[in-house]
Amino acid sequence: MRYYQYEVTDFLEDAYFKEWVYNPGPENETFWNEFSIRYPEKSEIIAGAKSILLQLKADMELNFPSDEKIENILFTIHENKDKTGSRPSRILSHWMAISFATAAMLVLLVGWLVGSKRNTCVSYQELISAVDAPLTEKTNNTSRPHLVTLPDSSTVLLHPNSSISYRKDFNRDGRREVYLSGQAFFSVTKNPDLPFFVYSNELITKVLGTSFLIKSFDNHQQVEVEVKTGKVSVYTRMDHDAESTRTNSQLGGVIITPNQKVLFSREEIRIKKSLVEFPEIIPSTVLPAPMLKFQDATVSQVFANLEQTYGIDIVYDEALFGGCLLTASFSNENLYEKIDLICKGIEARFEVVDARIVVSGRGCHQD
């Protein structure tokens with residue numbers, strides 16, 4: 001879907017998007033609601049573009065600018081362009097038919113949106129200062145990880161130069177909440193009635209019972225969440241559904257499972273889903289044993305075994321590769337090395353796209 005590639009300026013110029021903003025109806029409401037559910041990582045961009053369009057409409061109707069105000073706006077645009085190197089001409093030309101002043105206001109609003117992103121960073125101290133209750137703080141100033149046990153028996157392996165804080169009345173209001181600065185591995189005691197939240201800079205991680213790693217330092221541009229077991233929900237504090245997600249028992253936002261991770265760019269306010277650097281076999285008594293040796297096995301069989309044992313999706317063309325036969329053996333290779341060996345045997349290649357392994361090539365039945 002082309003909308004997945006859209007940035008703020010693309011949505012501002014899209015006729016169907018503007019129709020939804022200005023004239024919402026059953027059809028476009030359904031489309032954009034389903035799009036937001038399917039691609040939650042785009043929600044912040046959609047909300048920003050919608051806000052700009054609505055602000056533009058309000059300014060046109062209620063406060064059309066004077067000539068002096070237009071001159072001030074244009075001066076600001078040129079000044080911002082000199083500093084950032086951005087090019088507003090694409091938007092400006094599109095709106096010229098409406099009025100030059102309105103186009104200038106739109107560009108200024110876009111600049112304001114981009115500038116405001118730089119001011120949305122939240123520090124650990126700001127997070128804990130906003131809590132209106134006594135907190136317990138644990139800090140690791142040593143050179144080794146330190147194990148912290150929370151009041152609900154959940155554990156936190158706190159890495160060096162890291163801190164966590166939590167309310168002394170830990171499970172008050174039906175939530176367990178922890179504030180993190182640095183890096184920590186959480187093993188959360190399962191309790192569906194008491195969701196567990198970790199607040200790390202601008203990111204919120206919600207779980208019901210699982211284990212996961214978070215890397216979140218105030219001076220880093222990225223926040224990272226990796227899942228070891230269970231299922232984790234990740235979303236930003238600026239997400240328009242953030243409050244409802246906090247207050248219900250469901251998992252929303254971007255859902256990640258074992259061997260998956262998300263990277264949150266603090267500068268771009270964007271969540272990217274991917275696979276961990278070294279996926280591990282998921283321990284479970286109901287999963288098949290990892291396939292180490294196989295004789296004349298089809299690629300479909302091999303990929304199915306890898307999908308189940310690692311809990312990941314492998315996307316490939318069944319017609320091209322499904323019937324390919326392989327004979328090989330594995331020893332201590334990691335997942336990517338195994339996939340690479342398989343691809344060499346069937347004249348294919350692979351890449352990781354949105355936490356999936358995508359295999360492509362000519363296929364073993366091609367001339």
Can you list the equivalent-ellipsoid semi-axes of region 319-367, largest first and in whole Å, using the square root of 5 times each Cα gyration tensor eigenvalue? 19, 16, 8
Can you give me the Kirkwood hydrodynamic radius for region 116-213, using every pair of distinct Cα atoms, in Å to one decimal? 13.8 Å
Pairs of Cα atoms under 8 Å, at least six residues apart: use those to get the relative contact order of region 124-275, whole percent. 15 percent
So, by mean Cβ neighbours within 10 angstrom, what's the order for 342-354, 128-140, 199-211 with the highest one leading? 199-211, 342-354, 128-140
Relative contact order %, region 293-361, counting alpha carbon pairs below 8 Å whose residues are six or more apart: 37 percent
Expected sort for 309-315, 149-155, 331-337 on mean C-beta neighbours within 10 Å, highest first, is 309-315, 149-155, 331-337
Using the Kirkwood formula on the Cα atoms of region 124-275, what hydrodynamic radius do you get, in angstrom to one decimal? 15.3 Å
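Throughout, read-outs are computed from the coordinates displayed, never taken from laboratory work. Remember, it's a predicted structure, so these values are computed and weren't measured experimentally. Positions of Cβ are backbone-derived with ideal geometry, glycine not excepted, and every protein chain shown enters the neighbour counts.
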